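The values are calculated or read from the model by the stated rules, or taken from the named source; none is laboratory data. These numbers come from a predicted model, not from an experiment. Neighbour counts are summed over all protein chains in view; Cβ atoms, including those assigned to glycine, are modelled from backbone coordinates with ideal geometry.
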Amino acid sequence: MTNRLTAMSILTTVALIIFIIEAQVSLPIPVPGVKLGLANAVTLFALFYERKSDGFKLSIFNVFVILLCRILLGAFFTGRLVAFAYSLAGGVLALIAQIIVKRFVTKKQIWVCGAIGAIFHNIGQIAIAIVITGTASVVFYLPVLIIAGIVTGVLTGLVAQMTISRIKQ
């Protein structure tokens with residue numbers, strides 16, 4: 001129990017720090033709203049990491065709590081409370097997709113899970129944008145977000161994949 005809580009605290013802290021730093025950095029990309037989403041690498045790590053020596057593995061509920069804490073604290077610490085709904089919808093939808101995809105990929109294909117998660121994160125954000133703005137026209141922005149999401153999702157997936165690989169060595 002203590003190991004699990006400690007791991008969850010550390011992973012939440014790392015994800016939160018990455019999220020806060022990333023919120024302060026603007027990418028030199030002419031598409032507004034596109035971020036690397038590197039904090040998702042921590043979510044992927046938490047979802048896939050298991051230590052065979054003692055059977056340590058975080059449950060899906062544990063990973064959800066890490067994600068929820070990061071989103072809630074991230075919105076609070078960055079002062080972007082309006083973004084909370086977008087992050088929550090995107091994050092939860094991405095995690096659900098990643099949980100499903102995890103069943104079909106190996107630890108050498110975590111990057112695939114990252115890309116799928118990023119796509120569903122963008123779908124969740126567009127869905128919330130439609131609800132908040134009351135207009136479906138924002139859906140035309142989705143193809144741009146999906147392309148960016150595939151690229152950034154592969155990146156975050158590779159970060160999680162390499163981290164797990166290095167820890168095992």
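Given (1) under 15 Å from ALA89 (Cα atoms); (2) surrounded by 18 or more Cβ atoms within 10 Å (Cβ to Cβ), identify the lone condition not met by VAL131.
Single failed check for VAL131: (2).
Each row is one residue, and each column tells you yes or no for (1) modelled with pLDDT of 95 or more; (2) closer than 20 Å to HIS121 by Cβ.
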site: PHE45; (1), (2): yes, yes
site: ARG51; (1), (2): no, no
site: ASP54; (1), (2): no, no
site: LYS57; (1), (2): no, no
site: LEU68; (1), (2): yes, yes
site: ALA75; (1), (2): no, yes
site: ILE96; (1), (2): yes, yes
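Looking at GLY114, GLY90, which one is more than 21 Å from MET162 (Cβ to Cβ) and either in a helix (DSSP H, G or I) or without any contact (Cβ under 8 Å) to a residue 40 or more places away in the chain (or both)? Can you show your working first?
On the way: GLY114 fails: more than 21 Å from MET162 (Cβ to Cβ).
When all the criteria are applied, what remains is GLY90.
How about the range 1-43: which of its residues are in a helix (DSSP H, G or I) and among the β-branched types (Val, Ile, Thr)?
If the condition is that a residue be in a helix (DSSP H, G or I) and among the β-branched types (Val, Ile, Thr), then THR2, THR6, ILE10, THR12, THR13, VAL14, ILE17, ILE18, ILE20, ILE21, VAL42, THR43 are the ones that fit.
Please tell me if THR106 is within 24 Å of ILE150 (Cβ to Cβ) and surrounded by fewer than 20 Cβ atoms within 10 Å (Cβ to Cβ). Even if it seems obvious, please write down each step before you answer.
Numbers: within 24 Å of ILE150 (Cβ to Cβ): yes; surrounded by fewer than 20 Cβ atoms within 10 Å (Cβ to Cβ): yes.
It is true that THR106 is within 24 Å of ILE150 (Cβ to Cβ) and surrounded by fewer than 20 Cβ atoms within 10 Å (Cβ to Cβ).
Out of (1) farther than 12 Å from GLY37 by Cβ; (2) hydroxyl-bearing (Ser, Thr, Tyr); (3) part of a helix (DSSP H, G or I), what's the single condition that is false for THR106?
(3)
Quick check on the range 93-100. Is at least one of its residues farther than 18 Å from VAL34 by Cα, of a type in the set (S, T, N, Q) and part of a helix (DSSP H, G or I)? Before the answer, list the steps.
Taking the range 93-100 and keeping what is farther than 18 Å from VAL34 by Cα, we get 95-100.
Of the ones still in play, those that are also of a type in the set (S, T, N, Q) are 98.
From the residues that got through so far, the ones that are part of a helix (DSSP H, G or I) too are 98.
Among the residues of the range 93-100, at least one is farther than 18 Å from VAL34 by Cα, of a type in the set (S, T, N, Q) and part of a helix (DSSP H, G or I), which makes the answer yes.
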